[in-house]
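Contents: one structure, followed by commentary.
Readers should treat all values here as calculations from the given coordinates under stated rules, not as data from a laboratory. On a predicted model such as this, the values are computed, not experimentally measured, just so you know. Note that we place each Cβ from the backbone using ideal geometry, even for glycine, and neighbour counts take in every protein chain shown.
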Amino acid sequence: MNRPMATYKPSDEVDFVIIGSGAAGGVLAKELSTNGFRVVVLEQGEYLREKDFTHDETKVFLQSQLTNKVNTHPITFRKTPEETARKQQAVLYGSCVGGSSVHFTANFWRFHEIDFKEHSKTGNIPGANFADWPISYANLEPYYTKVEWEIGVSGLAGSSPFDPPRSKPYPMPPLPVKGNGVVFERACRKLGYHAFPSPMAILSQPRAGRAACMNCGFCLGFGCEVGAKSSSLSSVIPMAEKTGRCEIRANCYVHRIETDKNGRAIGAVYFDAQRNTHLQKAKAVILSANGAETPRLLLLSASNQFPSGLANSSGYVGKNLMPNSSAIAFGVFDEPLNDYKGPAVSRIMHDFYELDPKLGLYGGGGLDARFDFTPVSFVFNGLPPSTPRWGAGFKQALAHNFPRTLEIFCHGTSLPVESNSFSLDPQVKDAWGLPALRMTFRDHPNDLKMMEWMKDRALEILDAAGAKTRWNSPIEEQQFAVHLLGTCRMGNDPKTSVINADHRAHDVENLFLCDGSSLVTSGRGQPTMTIQALAYRAADRITALAKRGDIST
Amino acid sequence: MNSFHPARRDFLQLLGGTVSAAWLTANWPALVSAAEHAHQAAKSDHPSLEVFTPDQAREVEALAACIIPSGETPGAREAGVVYFIDRALKSFFSDALPVYQKGLDAVQKNTTELFPGVARFSAATEEQKLTIFTQIAEESERQNDGPRRFAPGSSQDFFQILRVHTIYGFLVDPEGGGNFDYAGWKAIGRDPAHSFSPPFGFYDKDYPGWQPVPGETEKK
């Protein structure tokens, strides 16, 4: 399919260059181009279309068709700053037009009011670098609604007694319930909990030229062939291109934000697919490269003027990484659930969103019933630990369990810890000779304790649901992150935050950051909805600043 | 091998295009039917061997059949796992080729040590194969923590790699070059259709629809 798209030369000084075309970058591109600005989006990955997507796990899992490629972009990991990091795939993120919104599960909760002001309510927590947001849920509510109606979110307003206030219902009904949702809902009711239809960024009805979900089951990890998953690729990027003012330029590896002698950003320097270097000039620069690559790019952009990295006078660039905590319990039922059909999740519950302080735990979580496996990934991740690894017993267990298994996934808070971070590895280089991304992470003890508690609740629900066999993944310190949150946090104080409430870098007046790195707290998982609401709000704020001449566009 | 049938590509291009919502609504049942048809057409052809010699292929097939045996339902043999591995070693698993070469030599050695009269693993009786394979697997398990999520990782262990490759070859979507005629999916009860409509299974058949908990509709 051919979409009309503007094209610019790198030497054209456009109004905005946006680095990253994912959940936030796509929204900003659409909003700013719609508002009349000339926009270039530089995307590290390929421009794949719906017709390029496949169910072939060898392409998706083994060859990283949609995600970051560690053979050219290595990552290192260590638990503490005292250790030397070692090469490890510690981070997974989308690397194609649409970013991680192409392959994500599409669970799409709003954050609750408490997430924005939890520090005030709870006070300091030892070992955590805890803060309130400079904005409230009420500030963000109109933008949550805008996300739901513009990209397409299915759900049932008012079905959870724990939901925050909303100004409008969902634009379309929930997706069909699955077997996992039915048994989860019944068990929750038995135990006095409140399961409800999961809000999902997947179309339950055709909308705006896009097809409804056809329940193929290849959802987590895969791009949607019919455009039913409301990725940036399928929703906002076509809108941006249709303005005739936005160019999506793929296969561009941005490795530096250039600044002038006055400390203003003048554009983004990138390698094209042939490794030629270009400077895309722009009046203002927006980083939406995700919570790992945004801080890395700022650190790579160090100069005499900004010796510790661009926009890093606070020293907070890359710090306070929050990947969300998680726990998984599995159950096998007598009869076939056939949960390989349809999107992963159909029912969730938020009864534990704010835990009783008497439990001695901070934060909380949300639980969903799901099946997010393909046949291949089920073998490696969905069988009980005692299953034989080969032979007739292995085959028999696989055949029995595959249609009868569900997971209860507990998503929870990560507390911000200053030493948990992304930084530049001093030894390991990428295929272009640039310092590799280094992750330093050790869970705050509270988060592990809370997940132990959540896991026990999940096992109780499986018992109440009548699971014949149930077990859980061990609760362990995490060494792998997909939610990349908090690493350039927003705040009013330039000493303890990187951007202000308008997403403007405290140190560089025409530099804006908007993606998972902007978050101040981690919510209880499922951050994409909030990242997109922030992007819609940021676009409004940036437009207002530009129109009054504050960033000279 | 045709890994992406043109009929399916046309269908997807159609859905990826800017057709109207009204058109989609009116034509949706026909579209789903077209998807099913196109997906069926994408089933893998039986390719020829490109990396393994016929002798090597016979041994790999016999070893893979120990991991997922045939029986009342198809096993690795019927799913064409050896062809998947052969193709993988030619492309994205090419780094593992030396592991196969060394591994097959070691299996030959194990076979003749344990059963001196048996010329090769594939010629052993089922009982002998079980004895030999158990030894290979137990030795491997002693030295490894098991496969990593999705990928075979950096293991140089023949059993671990063969196991991962066999599982992929048995269960991968046929577009990936294994799971011939959906043999693997049939064995695990996975309907090969490309799209589904509810009810999906036993428990959602009689679901009456979501209702609030009686008397608890107030915001908490």
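Overview of values
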{"read-out": "Within region A:406-436, backbone nitrogen closer than 16 Å to the virtual label 7 Å beyond the Cα of A:Glu82 toward Cβ", "value": "A:419-420"}
{"read-out": "Longest exposed-site-free window of chain A, the sites being GluC sites (Glu not before Pro) in a DSSP loop that have at most 12 other C-beta atoms within 10 Å", "value": "A:84-475"}
{"read-out": "Estimated translational D of region A:71-135 in µm²/s (Stokes, Kirkwood radius over Cα pairs; 37 °C; 0.692 mPa s)", "value": "206"}
{"read-out": "Total charge dipole magnitude, region B:54-188, about the Cα centre, Cβ charges on Lys, Arg, Asp, Glu only, Debye to nearest 20", "value": "200"}
{"read-out": "Subset of A:Lys79/A:Lys429; A:Lys395/B:Lys129; A:Lys146/A:Lys190; A:Lys51/A:Lys229 violating a 25 Å alpha-carbon distance limit", "value": "A:Lys146/A:Lys190"}
{"read-out": "Where a label projected 7 Å from the Cα of B:Gln135 along Cα→Cβ would reach, residues of region B:99-123 with amide N under 14 Å", "value": "B:105-122"}
{"read-out": "Ranked list, fewest to most other Cβ atoms within 10 Å of each Cβ, for A:His503, A:His278", "value": "A:His278, A:His503"}
{"read-out": "Extension reserve of the A:Ser136-A:Leu156 stretch, reckoned as 0.36 nm per residue once the Cα distance is removed", "value": "4.9 nm"}
{"read-out": "Cα centroid separation - region A:100-176 against region A:222-300, whole Å", "value": "26"}
{"read-out": "Pairs of alpha carbons in the protein assembly as shown whose separation is greater than 49 Å (percent)", "value": "15"}
{"read-out": "Stretchable slack from A:Arg541 to A:Ser419, in nm (0.36 nm times residue separation minus alpha-carbon distance)", "value": "40.8 nm"}
{"read-out": "B:Ala119-A:Lys358 pseudo-label distance in nm [points 7 Å out on the Cα-to-Cβ vector]", "value": "7.8"}
{"read-out": "Estimated 222 nm signal from helices in chain A, with DSSP H stretches of n ≥ 4 weighted -39500 (n - 2.57), rounded to 500", "value": "-6500 deg cm²/dmol"}
{"read-out": "For A:Gly342, residues with placed amide H under 5 Å, excluding near neighbours", "value": "A:Cys216, A:Gly217"}
{"read-out": "Efficiency of FRET from Cβ geometry, A:Tyr47 and A:Ser473, R₀ 51 Å, rounded to 0.05", "value": "0.90"}
{"read-out": "Trypsin sites (Lys or Arg not before Pro) restricted to region A:460-496 and DSSP loop, no more than 16 other C-beta within 10 Å", "value": "A:Lys468, A:Lys495"}
{"read-out": "Segment A:Thr496-A:Ala431, extension gain: residue separation times 0.36 nm, minus the distance between their alpha carbons", "value": "20.0 nm"}
